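S.K.: Before we start, here is the structure in question, set down as structure tokens.
The values are calculated or read from the model by the stated rules, or taken from the named source; none is laboratory data. These figures come from a predicted structure and were not determined experimentally. Glycine gets a Cβ as well: all are built from the backbone with ideal geometry, and neighbour counts include every protein chain shown. All accessible areas refer to the heavy atoms of the entire protein, side chains included, with ligands and DNA or RNA removed. Shrake-Rupley method; radii C 1.70, N 1.55, O 1.52, S 1.80 Å.
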Amino acid sequence: MSFSLHGIPVSRGIAIGRAYLIAPAALDVDHYLVEPPQIEGEIERFRAALKAVQSELERLSEDLSADAPSEVGAFINVHTMILNDAMLVQETMDLIRTRRYNVEWALTEQLERLSRHFDDIEDEYLRERKADVQQVVERILKALAGASSAAALVDGANGDARDEMIVVAHDISPADMLQFKTQTFQGFVTDLGGRTSHTAIVARSLGIPAAVGVAHASALIRQDDLIIVDGDHGIVIVDPAPIVLEEYSYRQSEKLLEQKKLQRLKFSPTQTLCGTKISLLANIELPEDARAAVEAGAVGVGLFRTEFLFMNHKDRLPEEEEQFEAYKRAVELMGGLPVTIRTIDVGADKPLDAIGAEGYESAPNPALGLRAIRWSLSEPQMFLTQLRAILRASAFGQVRILVPMLAHAQEIDQTLDLIREAKRQLDDAGLPYDPGVRIGAMIEIPAAAIALPLFLKRVDFLSIGTNDLIQYTLAIDRADNAVAHLYDPLHPAVLHLIAFTLREAKRAGVSVSVCGEMAGDPQLTRLLLGMGLTEFSMHPSQLLVVKQEILRANLPMLEKPVADVLAAFEPEEVQAALRCLGQV
Ligand code: PEP
Ligand code: MG
């Protein structure tokens with residue numbers, strides 16, 4: 001039966017493919033009693049499935065590329081250990097023998113029991129292993145059903161099948177989403193999430209169509225269902241009628257053609273019709289993403305979200321050497337172009353596994369708690385380690401340090417003190433770095449924008465983080481789909497804060513960029529240009545479509561309509577002014 005679901009569009013384009021469910025719904029299994037003579041046969045079926053999963057994990061491990069994140073290897077080891085654990089294997093076999101449950105029933109029953117144990121465990125690390133056990137059980141169930149597995153998806157030999165898959169999940173953590181960077185899928189659909197949640201941001205960086213906040217998608221869509229994801233409108237069509245499929249296939253080929261045409265812009269200089277030069281920079285999460293940045297023609301990295309290097313580290317944070325190698329790698333891949341490395345920005349929807357209960361996660365409201373620079377300043381040794389690693393990378397190219405979530409003068413001053421201390425430590429150790437490395441601040445808390453002189457006096461550059469600026473101005477959790485309809489980049493309060501920051505920074509001669517998702521939205525390019533923005537930082541996949549808008553823009557002609565947008569407060573007036581801006 002064909003039906004459609006509606007959610008929040010987060011990554012443009014049309015995907016058509018088979019659903020690959022990563023959801024507890026996969027645990028919905030048949031329940032029946034096995035006749036006594038068939039019990040040993042049932043045990044054999046279980047053994048065969050265990051063996052299949054074992055080979056699947058071995059294949060996964062062999063196929064890991066040399067530059068795959070070390071956590072991917074670690075998760076395969078954990079899954080292998082669970083697969084051989086008596087608590088899972090022996091107890092399941094006992095249930096088959098004593099209660100005569102079929103394998104699937106016995107296995108999910110045992111999972112239930114183990115899950116209850118896990119819920120009672122105080123230790124955060126051990127409690128989190130529940131998800132691993134669940135994933136291993138899902139693998140075994142898939143092997144029993146003969147369905148395609150995650151391992152098959154990453155297996156090069158099955159590349160064609162993988163290319164047709166659309167991932168459907170209740171929710172995907174930013175860390176898990178990161179692991180999809182090593183695989184190729186057609187698209188993503190999740191039940192939860194907001195437009196600028198970090199899961200959505202990573203999905204967008206993959207450059208494939210995605211919709212989040214599609215309520216109940218993972219419960220309503222079944223494994224291998226044919227689905228269409230309309231990433232422009234956040235619509236998911238399940239089991240489409242032939243005529244609908246034909247229409248979307250046509251739209252998909254049109255879009256592919258458009259993307260191909262955009263490639264022609266890659267080598268042309270980025271300037272407006274009136275000749276103003278604009279810098280297009282890239283946002284990256286991992287050093288290897290720098291390749292896509294260069295490929296898309298970025299003139300540097302405007303935001304390296306280093307917290308992604310810290311995720312998936314279960315029991316410790318990355319050491320100085322490991323961090324240094326990662327930062328240096330990004331710098332080298334950028335081949336002399338500037339790389340803006342943001343210090344760790346954890347908290348809210350980017351939790352760290354290694355910190356656990358004693359960190360910010362137990363805070364009553366993590367988005368307003370000890371996150372980003374606040375956490376860094378409360379952990380000076382961790383922060384100094386990161387600062388030394390970043391500074392050391394500056395000996396290999398142009399590095400700039402960017403600090404997230406600053407609001408108070410003393411936070412800026414303490415940060416600058418710690419940077420000086422990190423330099424002193426490197427001097428003592430005789431390690432090279434660029435002494436003139438530039439220090440910048442994210443403007444992503446309304447207080448920072450309003451008290452801008454505090455920043456203009458103290459730092460070398462600014463970068464406006466519109467994702468958080470919107471969240472904190474409007475008091476809307478950016479990851480909560482229940483309030484996603486109120487998350488509005490065009491709210492007059494947000495526009496005023498951005499315009500004010502751009503104007504004042506320009507007046508003070510301090511360079512300023514926008515690195516939030518607004519910078520990569522082609523529908524907002526004219527507005528930002530008209531407000532005076534000349535540095536845009538976005539995911540490489542957005543770069544050419546934004547560039548196209550810039551090439552068509554004429555700044556003097558944008559002045560009046562942008563002033564009208566900023567003078568408007570009533571929603572209809574804002575919309576009318578935006579329509580005029582669109583027609584210029
Ligand atoms: C922002 O807040 O706009 C930003 C770029 O940082 P992040 O999305 O990582 O919070
Ligand atoms: Mg932010």
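S.K.: Hey, could you check the range 541-554 for residues that are touching a Ser or Thr at 6+ places or on another chain (Cβ under 7 Å) and surrounded by 17 or more Cβ atoms within 10 Å (Cβ to Cβ) and say which is nearest to L581 (Cα to Cα)?
M.R.: Of everything passing the filter in the range 541-554, A553 is nearest to L581 (Cα to Cα).
S.K.: Those residues that are free of Cβ contacts under 8 Å to residues at least 12 places away in the same chain and not in a helix (DSSP H, G or I), I need them from the range 537-570; list them, please.
M.R.: Of everything in the range 537-570, just one residue is free of Cβ contacts under 8 Å to residues at least 12 places away in the same chain and not in a helix (DSSP H, G or I), namely E570.
S.K.: Can you pull out every residue in the range 451-471 that is of a type in the set (G, A, S) and either closer than 25 Å to H539 by Cα or within 12 Å of ligand 1 (Cβ to nearest atom) (or both)? Talk me through it step by step, then tell me what you get.
M.R.: Here is the first cut: in the range 451-471, the ones of a type in the set (G, A, S) are 451, 463, 465.
Matches in the range 451-471: S463, G465.
S.K.: Here is a further query. Search the range 395-410 for residues being touching a residue at least 60 places away in the same chain (Cβ under 8 Å), open to solvent by less than 30 Å² (accessible area, probe 1.4 Å) and away from ligand 1 (no atom under 16 Å from the Cβ), and hand back the single one that is nearest to the chain's Cα centre (by Cα).
M.R.: Filtering the range 395-410 for residues that are touching a residue at least 60 places away in the same chain (Cβ under 8 Å), open to solvent by less than 30 Å² (accessible area, probe 1.4 Å) and away from ligand 1 (no atom under 16 Å from the Cβ), the one nearest to the chain's Cα centre (by Cα) comes out as V399.
S.K.: Restricting attention to helices (runs of 4 or more DSSP H) lying wholly within the range 241-314, give those where 3 or more residues are open to solvent by 10 Å² or more (accessible area, probe 1.4 Å) and of a type in the set (A, V, I, L, M). Can you show your working first?
M.R.: Numbers: elements: 242-262, 290-295, 307-310.
In the range 241-314, 242-262 are the helices (runs of 4 or more DSSP H) which contain 3 or more residues that are open to solvent by 10 Å² or more (accessible area, probe 1.4 Å) and of a type in the set (A, V, I, L, M).
S.K.: Is at least one residue of the range 190-206 within 24 Å of L303 (Cβ to Cβ), touching a His at 6+ places or on another chain (Cβ under 9 Å), open to solvent by less than 10 Å² (accessible area, probe 1.4 Å) and assigned by TED's automatic domain parsing to the domain that holds F304?
M.R.: no
S.K.: To continue, here is another question. Filter the range 43-88 down to residues that are assigned to a helix (DSSP H, G or I) and either modelled with pLDDT under 80 or open to solvent by 20 Å² or more (accessible area, probe 1.4 Å) (or both), then give me how many there are. Spell out how you get there, then give the answer.
M.R.: Within the range 43-88, the first condition is being assigned to a helix (DSSP H, G or I), and the residues that meet it are 43-63, 70-83, 86-88.
From what's left, either modelled with pLDDT under 80 or open to solvent by 20 Å² or more (accessible area, probe 1.4 Å) (or both): 44-45, 47-48, 50-52, 54-55, 58-63, 70-78, 80-82, 86-87.
Going through the range 43-88 one residue at a time, the tally reaches 29.
This table checks each residue for (1) within 16 Å of ligand 2 (Cβ to nearest atom); (2) touching a Leu at 6+ places or on another chain (Cβ under 7 Å).
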{"site": "R371", "(1), (2)": "yes, no"}
{"site": "E379", "(1), (2)": "no, no"}
{"site": "V403", "(1), (2)": "yes, no"}
{"site": "H408", "(1), (2)": "no, no"}
{"site": "D427", "(1), (2)": "no, no"}
{"site": "P432", "(1), (2)": "no, no"}
{"site": "P446", "(1), (2)": "yes, yes"}
{"site": "D460", "(1), (2)": "no, no"}
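S.K.: Collect the residues in the range 443-471 that are over 11 Å from T501 (Cβ atoms), out of contact with any Asp or Glu (no Cβ under 6 Å at 6 or more places or on another chain) and either acidic (D, E) or not in a loop (DSSP other than H, G, I, E, B) (or both), keeping them in residue-number order.
M.R.: A447, P453, L454, K457, R458, D460, F461, I470, Q471
S.K.: Condition first: without any contact (Cβ under 8 Å) to a residue 60 or more places away in the chain and open to solvent by 70 Å² or more (accessible area, probe 1.4 Å). Now tell me which residues in the range 100-111 satisfy that.
M.R.: Answer for the range 100-111, where residues must be without any contact (Cβ under 8 Å) to a residue 60 or more places away in the chain and open to solvent by 70 Å² or more (accessible area, probe 1.4 Å): there is none.
S.K.: If you go through the range 416-442, how many residues are in a loop (DSSP other than H, G, I, E, B) and either among the hydrophobic types (A, V, I, L, M, F, W, C) or without any contact (Cβ under 8 Å) to a residue 24 or more places away in the chain (or both)? So that I can check it myself, show each step before the final result.
M.R.: Going residue by residue through the range 416-442, those that are in a loop (DSSP other than H, G, I, E, B) are 430-437.
After this cut, where a residue has to be either among the hydrophobic types (A, V, I, L, M, F, W, C) or without any contact (Cβ under 8 Å) to a residue 24 or more places away in the chain (or both) as well, the list is 430-431, 435-437.
Residues meeting the conditions: 5.
S.K.: When you scan the range 89-122, how many residues do you find that are assigned to a loop (DSSP other than H, G, I, E, B) and touching an Asp or Glu at 6+ places or on another chain (Cβ under 8 Å)? Spell out the reasoning first.
M.R.: Let us first name the residues in the range 89-122 that are assigned to a loop (DSSP other than H, G, I, E, B), namely 100, 102, 121-122.
Checking the rest, the ones that are also touching an Asp or Glu at 6+ places or on another chain (Cβ under 8 Å) come to 100, 102.
Selection size over the range 89-122: 2.
S.K.: State the number of residues belonging to the range 501-523 that are within 28 Å of V10 (Cβ to Cβ) and of a type in the set (A, V, I, L, M, F, W, C). Walk me through it before giving the result.
M.R.: First, pick out the residues of the range 501-523 that are within 28 Å of V10 (Cβ to Cβ): 501-502, 512-523.
When the remaining residues are screened for being of a type in the set (A, V, I, L, M, F, W, C), the result is 502, 512, 514-515, 518-519.
Here the count works out to 6.
S.K.: Of the residues that make up the range 481-490, is at least one charged (D, E, K, R), within 20 Å of L578 (Cβ to Cβ) and open to solvent by 10 Å² or more (accessible area, probe 1.4 Å)?
M.R.: The first filter runs over the range 481-490 and keeps only residues charged (D, E, K, R), leaving 488.
Subset that is within 20 Å of L578 (Cβ to Cβ): 488.
Now narrow it down to the ones that are open to solvent by 10 Å² or more (accessible area, probe 1.4 Å): 488.
For the range 481-490, residues charged (D, E, K, R), within 20 Å of L578 (Cβ to Cβ) and open to solvent by 10 Å² or more (accessible area, probe 1.4 Å): present.
S.K.: For the range 307-314, indicate whether the set of residues that are modelled with pLDDT of 95 or more and within 23 Å of the chain's Cα centre (by Cα) is non-empty.
M.R.: No, the range 307-314 contains no residue that is modelled with pLDDT of 95 or more and within 23 Å of the chain's Cα centre (by Cα).
S.K.: While we're here: For the range 219-238, enumerate the residues that are farther than 19 Å from S541 by Cα and open to solvent by 10 Å² or more (accessible area, probe 1.4 Å). Write out each step before concluding.
M.R.: The first filter runs over the range 219-238 and keeps only residues farther than 19 Å from S541 by Cα, leaving 219-228, 235-238.
Result: A219, L220, R222, Q223, D224, D225, L226, I235, I237.
S.K.: Against the definition (within 25 Å of C580 (Cβ to Cβ) and free of Cβ contacts under 8 Å to residues at least 40 places away in the same chain), how does T534 come out, yes or no? Working first, answer last.
M.R.: Details: within 25 Å of C580 (Cβ to Cβ): yes; free of Cβ contacts under 8 Å to residues at least 40 places away in the same chain: no.
Taking the combined requirement at face value, the residue does not satisfy it.
S.K.: Can you find, within the range 477-494, the residue that is farthest from ligand 1 (Cβ to nearest atom) among those that are under 28 Å from T343 (Cβ atoms) and in contact (Cβ under 8 Å) with a residue 60 or more places away in the chain?
M.R.: First pass over the range 477-494, keeping only residues under 28 Å from T343 (Cβ atoms): 477-480, 487, 489, 493-494.
Within this subset, residues satisfying the condition of being in contact (Cβ under 8 Å) with a residue 60 or more places away in the chain are 477-480, 487.
Numbers: D477: 12, R478: 8, A479: 11, D480: 15, Y487: 12 Å.
Looking at residues that are under 28 Å from T343 (Cβ atoms) and in contact (Cβ under 8 Å) with a residue 60 or more places away in the chain, I get D480.
S.K.: Filter the range 411-450 for residues that are small (G, A, S) and either within 16 Å of ligand 1 (Cβ to nearest atom) or more than 15 Å from T385 (Cβ to Cβ) (or both) and give the result. Lay out the reasoning, then the answer.
M.R.: So the first thing to find is which residues in the range 411-450 are small (G, A, S), and the list is 422, 429-430, 436, 440-441, 447-449.
Answer for the range 411-450, where residues must be small (G, A, S) and either within 16 Å of ligand 1 (Cβ to nearest atom) or more than 15 Å from T385 (Cβ to Cβ) (or both): G430, G436, G440, A441, A447, A448, A449.
S.K.: Now for a different question. Specify which of the listed residues (T466, T473) is at negative phi, within 14 Å of ligand 2 (Cβ to nearest atom) and more than 21 Å from the chain's Cα centre (by Cα).
M.R.: The unique qualifying residue is T473.
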